[in-house]
Every structure is written in structure tokens, then in C-alpha cells.
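Data block below; observations after.
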Amino acid sequence: PGISYPRNAGQIPTEKLEGLSRTLFVAAPLLKENPDLIINNIPVGEYYRHQISNLFSPKSSSYIKHRARNGGPSQNLVEFGALAISMIAAPEVLWEPLDSITKEHVINEFVKIRLIKPFNSNWLLFAAMVESFLLQVGEVPDEARIDNAIDKINQWYVGERSERPSD
């Protein structure tokens with residue numbers, strides 16, 4: 001208590017987003033293998049698509065209200081990066097069935113998430129995953145952001161600068 005969140009009601013949607021994105025890490029590979037997966041009489045793909053839609057419904061307690069943070073850090077960057085990983089892993093279950101309005105809301109929020117500056121840590125990976133998701137859905141990614149993240153992560157873990165292959 002007092003260290004973790006939520007410490008106030010305004011943080012509850014981020015807590016729910018974190019729960020969604022982290023459990024989806026487990027569900028996405030299962031859904032990739034079995035798109036019609038049902039657990040405890042709950043169609044799992046349908047459940048997660050519903051939860052993703054709730055992120056953009058002002059009537060939902062999971063609604064993520066975009067907050068301008070002057071480019072400063074926000075846990076939402078990490079959670080949308082995590083959501084991107086799962087949506088890239090199983091787009092036929094998590095992305096393609098979404099209605100066009102929800103897809104538009106998802107893309108708009110991912111574009112807004114770009115304004116959040118990541119900490120110089122593993123958050124760079126999540127920023128790169130946001131860009132990768134945008135590329136997958138036909139948006140123009142910020143390639144400099146991807147390159148910067150890959151270079152820094154390689155320096156930390158491999159100890160050298162990476163070179164991206166030319167097109």
C-alpha cells in the first residue's frame with residue numbers, strides 16, 4: 001500500500017489496462033493456436049475483443065482517457081506496447097474481427113501514445129512495439145524511434161551498435 005497503484009480512482013483504468021495486457025500475453029498464443037478457445041463457457045477471443053473495445057468506451061470503467069503528459073512517462077506506454085505484442089501475435093483473433101470504429105479508436109490511441117517519452121529502460125521496447133503495431137495496421141511508423149530503441153537495447157545486452165539491413 002502506498003507504493004504500488006492504484007492510489008486513487010484515476011489510476012484504476014491503467015490498472016485494468018495492465019491486467020488486460022498482461023493476461024493477454026498468456027491468451028494470445030493460445031488464441032493463435034485455437035481461435036475458438038472457450039474456458040469456463042467464455043469464448044476467450046470474444047472476451048478480449050470486448051475488453052479492448054471497453055478501453056475506448058467512455059461508459060466503461062476500463063475507459064482510457066488520454067491525458068496529455070507533455071511527452072513525459074506514463075505507464076500506459078508500457079501497457080499499450082504489451083497490448084501491441086499480443087495483437088501482432090494473433091491479429092486474426094484480436095485485430096481483424098474488431099469493428100471499424102473500434103479499430104479507428106485503437107489506432108488513434110496508439111498514435112497518441114507516441115507522444116509519451118519512454119524511460120531509458122525496457123520501456124524503449126514497448127515504444128518500438130507501438131510503432132511495430134502501427135506498421136502492421138498500415139500506419140507510417142516512426143522508424144527513428146524503432147532504430148533508437150533497438151540500438152540502445154543492443155548496446156545494453158549485446159554491447160554493440162546494431163545495423164539495420166538496408167531495403
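The values are calculated or read from the model by the stated rules, or taken from the named source; none is laboratory data. No experiment lies behind these values; they were computed from the predicted model shown. Backbone-built Cβ (ideal geometry, glycine too); neighbour counts: all protein chains shown. With ligands, DNA and RNA removed, areas are computed over all heavy atoms of the protein, side chains included. Shrake-Rupley method; radii C 1.70, N 1.55, O 1.52, S 1.80 Å.
The packing ranking, built from the mean of other Cβ atoms within 10 Å per residue, places the peptides 91-100, 45-54 in the order 45-54, 91-100, highest first.
When the surface is traced with a 1.4 Å probe over the full set of protein chains, Glu139 keeps roughly 70 Å² accessible. P(r) tail for region 87-157: Cα pairs beyond 19 Å make up 37% of the total.
Expressed as a whole percent, the accessible area of region 6-135 that falls on carbon and sulfur atoms is 55 (1.4 Å probe). Evaluating 6.51 cos²θ - 1.76 cosθ + 1.60 at θ = phi - 60° for every residue in region 99-116, the Karplus couplings come out as 6, 4, 5, 5, 4, 4, 4, 4, 4, 4, 5, 4, 5, 5, 4, 4, 6, 7 Hz, glycine and proline recorded as x. Rounded to the nearest Hz, the phi-derived 3J(HN,Hα) couplings of region 2-18 under the Karplus curve 6.51 cos²θ - 1.76 cosθ + 1.60 (θ = phi - 60°) are x, 9, 8, 10, x, 9, 8, 4, x, 8, 4, x, 5, 4, 5, 4, 4, where x marks glycine and proline. Label separation (Ile12 vs Phe25): 2.5 nm, computed from points 7 Å beyond Cα along the C-beta direction. Against the chain, whose longest principal axis is taken from its Cα atoms, helix 143-157 shows a tilt of about 80°. Computed over protein heavy atoms with a 1.4 Å probe, the accessible surface of region 90-157 works out to 52 Å² per residue. Working note: 222 nm ellipticity from helices only, DSSP H runs with n ≥ 4, each -39,500 (n - 2.57), summed and divided by the residues of the chain, gives -18000 deg cm²/dmol to the nearest 500.
Relative to the dominant Cα principal axis of the chain, helix 44-54 is inclined by about 80°.
Give me the tail of P(r) for the chain as a percent: Cα-Cα pairs with distance above 22 Å. Beyond 22 Å sits 46 percent of the P(r) for the chain. Solvent exposure of region 8-65, expressed per residue, is 60 Å² of accessible area, with all protein chains present and a 1.4 angstrom probe.
Once both labels are positioned 7 Å from their Cα atoms along Cα-to-Cβ, the gap between Gln136 and Trp156 label points is 2.2 nm.
Close Lys pairs in the chain (alpha-carbon distance under 22 Å; sequence gap of 8 or more, or different chains): 13.
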